[in-house]
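Novice: This is the structure, below, for whatever I ask next.
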Amino acid sequence: MGAAYLLPRVVGLGKATELLYTGDFISAQEAERIGLYNRVVPGAQLKEATQELAERLAQGPAFALAKTKELLDREAHMSLEAALECEAQAQAICMQHPDYREAYEAFVAKRTPKFN
């Protein structure tokens, strides 16, 4: 399952060691606190919260979000120096995309950007 590889990268070595050694169950609130979950909502609000997040992401700059996803995947296996160079290149690429101009113009005009 990769638990010994993945869990320390998410919650830290100490907490991962404790969880893997003990097999203890933890509450949703504890899982959120240690970074295992991003957010916890009551079950009755799950659909609404999920829809809101999906809509927010869908309204964002798709190109930059895709580039961010790519960097998160790639940089997990890079040195800091290589990651900084990779991000500098990605920023230069993103600044040439039409979404960058829209974000800039929206910021200057103090309005919400409208990405395609």
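The values are calculated or read from the model by the stated rules, or taken from the named source; none is laboratory data. Predicted, not measured: the structure shown is a model, and the values here were computed from it. Reconstructed Cβ throughout: ideal geometry from the backbone, glycine too, with neighbour counts over all protein chains shown. Note: accessible area is taken over every heavy atom of the protein model, side chains too, but ligands, DNA and RNA are not part of it. Shrake-Rupley method; radii C 1.70, N 1.55, O 1.52, S 1.80 Å.
Novice: Search the stretch 90-99 for residues being closer than 14 Å to Thr68 by Cα and free of Cβ contacts under 8 Å to residues at least 12 places away in the same chain, and hand back the single one that is nearest to the chain's Cα centre (by Cα).
Specialist: My answer is Gln91.
Here is a yes/no grid of residues against (1) closer than 26 Å to Val10 by Cα; (2) touching a strand residue (DSSP E or B) at 6+ places or on another chain (Cβ under 6 Å); (3) not polar (S, T, N, Q):
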residue: Leu46; (1), (2), (3): yes, no, yes
residue: Ala62; (1), (2), (3): yes, no, yes
residue: Arg74; (1), (2), (3): yes, no, yes
residue: Ala82; (1), (2), (3): yes, no, yes
residue: Cys94; (1), (2), (3): no, no, yes
residue: Tyr104; (1), (2), (3): no, no, yes
residue: Thr112; (1), (2), (3): no, no, no
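Novice: Also, I was wondering about something else. Could you list, in sequence order, all residues of the stretch 69-93 that are aliphatic (A, V, I, L, M), assigned to a helix (DSSP H, G or I) and surrounded by fewer than 11 Cβ atoms within 10 Å (Cβ to Cβ)? Talk me through it step by step, then tell me what you get.
Specialist: Step one: list which residues in the stretch 69-93 are aliphatic (A, V, I, L, M), which gives 71-72, 76, 78, 80, 82-84, 88, 90, 92-93.
This time we only want the ones that are assigned to a helix (DSSP H, G or I), so: 71-72, 80, 82-84, 88, 90, 92-93.
Leu72, Leu80, Ala88, Ala92, listed by residue number.
Novice: Check Phe63 against each of (1) in contact with an Asp or Glu (Cβ under 6 Å, 6 or more places away or on another chain); (2) surrounded by fewer than 10 Cβ atoms within 10 Å (Cβ to Cβ) and name the one condition it does not meet.
Specialist: Unmet condition: (2).
Novice: For the stretch 102-116, what are the residues that are open to solvent by 60 Å² or more (accessible area, probe 1.4 Å), of a type outside the set (Phe, Trp, Tyr) and under 23 Å from the mean Cα position of the chain (by Cα)?
Specialist: Thr112, Lys114, Asn116
Novice: Follow-up. Given the residues Ala16, Ala106, Ala44, Ala64, which is the only one that is part of a helix (DSSP H, G or I) and in contact (Cβ under 8 Å) with a residue 24 or more places away in the chain? Let's see the steps before the verdict.
Specialist: Numbers: Ala16 fails: in contact (Cβ under 8 Å) with a residue 24 or more places away in the chain; Ala106 fails: in contact (Cβ under 8 Å) with a residue 24 or more places away in the chain; Ala44 fails: in contact (Cβ under 8 Å) with a residue 24 or more places away in the chain.
Every option except Ala64 fails the conditions.
Novice: Scanning the stretch 37-58 for residues that are among the polar types (S, T, N, Q) and at pLDDT 95 or above, which turns out least open to solvent (accessible area, probe 1.4 Å)?
Specialist: Filtering the stretch 37-58 down to residues among the polar types (S, T, N, Q) leaves 38, 45, 50-51.
From what's left, at pLDDT 95 or above: 45, 50-51.
Working: Gln45: 97, Thr50: 79, Gln51: 96 Å².
For the stretch 37-58, the residue satisfying everything is Thr50.
Novice: Among the residues of the stretch 1-36, which ones are open to solvent by 90 Å² or more (accessible area, probe 1.4 Å) and under 20 Å from Asp73 (Cβ atoms)?
Specialist: Residues satisfying the conditions are Met1, Tyr5, Leu6, Arg9.
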